[in-house]
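Read the structure below first, then the notes.
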Amino acid sequence: MRPISLKTLSGALFITLCAATTAFAATTEADSLSAALSRARTPAEREQTYVRLADLCADSTALAVLYWEAALTEAAGAGDDYGCREALDRLVQGFSAKQPERALEYVRLADSLLPDRRFALFRASLNAFWLWKQMSVANSFEAIDRAQAEFRERQPGSLTPEEEIEWEFLTGLSIDYSSIATEAYGNIPQAIPYVEQALAKLEKYPLEERVHFEKLCREELADIYLYADDPRAAGQIGRCIDLHRAWVAADKRFERPRRDSAEYLMRSYGKMVFLGGLLTREEVDGYYDKCMELARGRGDREEIYNTSARYYRDRGDYERSTAYMDSLLTHYAETGKKADLGSIYIAQSHLYEKAGDYAKALEAMRKGNDFRYHSRMDQAQSKLAEMQALYDVNRLELEKSRLADRNKLFLLVAGGIVLLLAGWAAYQQAMVRRLKLARTQFMAASEEAQRQSRRAQESEKMKTAFINSMCHEIRTPLNAINGFSELLLTEQKPAARQAFQAEIWKSTTALTALLENMLELSQLVSSESPLPVAQTDIRLLCAERLELQKQLGDNPAVEYVNEAGTEIEIPTNAFYLTRVVDNLLHNAAKFTAAGRITLRCRNDEPRRTLQISVSDTGIGIPPEKQEWVFERFTKVDPFKPGSGIGLYLCRLIVTRLGGDIRVCPEYSGGCCIRIELPY
């Protein structure tokens, strides 16, 4: 990482910014500021001009950060504490998303520019904001885990009050985003006490010292309250607006007519609109009008479309909401701005579904899935390109090494016959080793390429089979829904209408379960983080799932037996374990037309292992297919409904929980699948 030097900034940036100023001098005001810059003699005068130029070109992020870098250099030379804090804050915010390493340099530079104790909270706010962006934008928890580990390694009582506040905030932040990453959304409110404690400790500091960190804490607390449907979110957003205005009002240095303070207010009012049912309709309408007024004044089409889509969705006007989503998608297509288009299409699909337009809902869902698929493919291609670049670098380094060896050989020749012979022997030995190593690497690379090629071919075949299977599995319940819906419109007999409604509900449930399985599979495959666990009553869980399957199966020819034994309570993930038990019971019921389905669970306390098994008297699984059935898109009976991912999903979940799942080979008279989970 290259260190940032103020002298370097003052030299190199001056030349760069003069050229940038000349290119931007399309307006009279820009020309005037450029002329003022050439006449400025003191650091304070140059800082004032750079700040006004940064305000003038705020819409051009690349140009604005150059001016803020120059303003930081001059503010440090002029001893302007306010100017240093504003410039550092702007630079860290500007670089954290796309150039995190450069942003981190400015976080560290703050320690040398503002070393006083009264700026400790400001420095902590820069570091906390940078860590926040690494989680929210880059989805990386490595940096915050490292920061928390450093706090934990400190001796008890050795933390300063400012470090204790930062520790409280980072703990709440980590709980929030780790809960989102693991889909343990119920754990998000656990972050609230930590952020509230940080805010309580901030109250004893003067407003000037705490304003940045307090605004950061309240923004995070507002987000958590918003997720938890807590009406206190509005108060936190309003407090953030007050803090923003207080920080702007504290700047008494010089006039800044082009300072853009409307963007933060616009975003805040937009958040108020997102509160939906937590405010009265009149309040939401007022905030929406304020947000739209500021957005139109700034020409911010993205804010207009995004906030309007949410506003009309909450109003139940799904037609206008989807229209604004279309405009937002068009805007991203025209500007080339990166966005999560897949999530937008899927949200649009839900609105079409609520509006009853299932054809458009399906189309939007397909587009959303396509975008997500292509996004993952782009990531894979990027990784492949990175590996190719590393390979090329290694190859060039090898060539460089060979050239160096040849030069050494020429020097050895000039040294004499004896040295030549000794050097030649050493060279030959080195070459033999390199050739052997190169041959070994080449063979390994060739084998790896062949493996990757076979894997890609298998993946393509599996993708085709999966798409065909999904089309069939989705079309079947949709056809049933459409057919029985038409019959329901014409049928007058109450009994028949009730039967049609039951069939529609059955098909809808099947389609929903299919899509939920696919989403869960995607989440589990794309994430490697451990699943969260909590104390769970296994006997109660098994009893509830068996009773539910008995009701859903509605087959009097099948006897459901619960052999759960004594009370068993262990730490595990109840949600995902429920999915596994449901899948096993559903498969047993599907392949058992008549007979018996038995659910057993036993706690092996000496081994600290939980054993759960589901056995039936159905058609069973041939011995040669007892491991094959756990692969993706495999079905013992291709004529039975299903996507072929149930057992694969079960193995994936059990493996993530640290356990094992397999077919019992010794069981006869049907099928028995056993799970072993250590705890």
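Throughout, read-outs are computed from the coordinates displayed, never taken from laboratory work. Since the structure is predicted, the reported quantities are computational estimates derived from the model, not experimental observations. We place every Cβ from the backbone using ideal geometry, glycine too, and count neighbours over all the protein chains shown.
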Inset, instruction - Report the calculated FRET efficiency for Phe442 and Asp289 (r = Cβ-Cβ distance, R0 = 60 Å), to the nearest 0.05. - result: 0.30
Legend entry - With Cα atoms, 0 to 90° folded angle of helix 28-39 axis to the chain main axis: 50 degrees
Inset, instruction - Report, in debye and to the nearest 20, how large the dipole of the chain comes out about its Cα centre when Lys and Arg carry +1 and Asp and Glu carry -1 on their Cβ. - result: 2060 debye
Inset, instruction - Starting from the eigenvalues of the Cα gyration tensor, five times each then square-rooted, give me the equivalent ellipsoid semi-axes of segment 315-435, largest first, whole Å. - result: 67, 13, 6
Inset, instruction - With everything on Cα atoms, drop me the angle between helix 417-490 and the longest principal axis of the chain, reported from 0 to 90° to the nearest 10. - result: 60 degrees
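Per residue of the chain, what 222 nm ellipticity follows from adding -39500 (n - 2.57) for every DSSP H run with n ≥ 4, rounded to the nearest 500?
That comes out to -24000 deg cm²/dmol.
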Inset, instruction - Mind sorting Trp424, Trp68, Trp167 by how few other Cβ atoms lie within 10 Å of their own Cβ, fewest first? - result: Trp424, Trp167, Trp68
Legend entry - Backbone HN-Hα couplings from phi across segment 50-64 [Karplus 6.51/-1.76/1.60, Hz, Gly and Pro as x]: 5, 5, 5, 5, 5, 4, 5, 10, 4, 6, 9, 4, 4, 7, 4
Inset, instruction - Under 12 Å from the Cβ of Phe484, count the other residues' Cβ atoms, weight Lys and Arg +1, Asp and Glu -1, and hand me the total. - result: -1
Legend entry - Of Lys360/Lys640; Lys98/Lys271; Lys400/Lys436, those spanning more than 22 Å from alpha-carbon to alpha-carbon: Lys360/Lys640; Lys98/Lys271
Inset, instruction - Calculate the dipole size of segment 261-327 relative to its Cα centre from +1 charges on Lys and Arg beta carbons and -1 charges on Asp and Glu beta carbons; express the result in debye to the nearest 20. - result: 100 debye
Inset, instruction - Just flag the chymotrypsin sites (Phe, Trp or Tyr not before Pro) in segment 566-650 sitting in loop per DSSP whose Cβ has no more than 10 other Cβ atoms within 10 Å. - result: Phe639
Legend entry - Expected-Rg normalisation [2.2 N^0.38 Å, Cα atoms] applied to segment 534-678: 0.99
Inset, instruction - Working from Cα positions, state the angle (0 to 90°, nearest 10) between the long axis of helix 341-355 and the longest principal axis of the chain. - result: 50 degrees
Inset, instruction - Using only C-alpha atoms and all pairs of different ones, pull out the Kirkwood radius for the chain in Å with one decimal. - result: 30.8 Å
Legend entry - Neighbour-limited loop hits for trypsin sites (Lys or Arg not before Pro), segment 282-342 (at most 16 other Cβ within 10 Å; DSSP other than H, G, I, E, B): Arg315, Lys337, Lys338
Inset, instruction - Give me His212, His331 ranked fewest to most by other Cβ atoms within 10 Å of their Cβ, as a rough exposure proxy. - result: His331, His212
Inset, instruction - Would you mind ranking Ser136, Ser453, Ser125 by Cβ crowding within 10 Å, fewest neighbours first? - result: Ser453, Ser136, Ser125
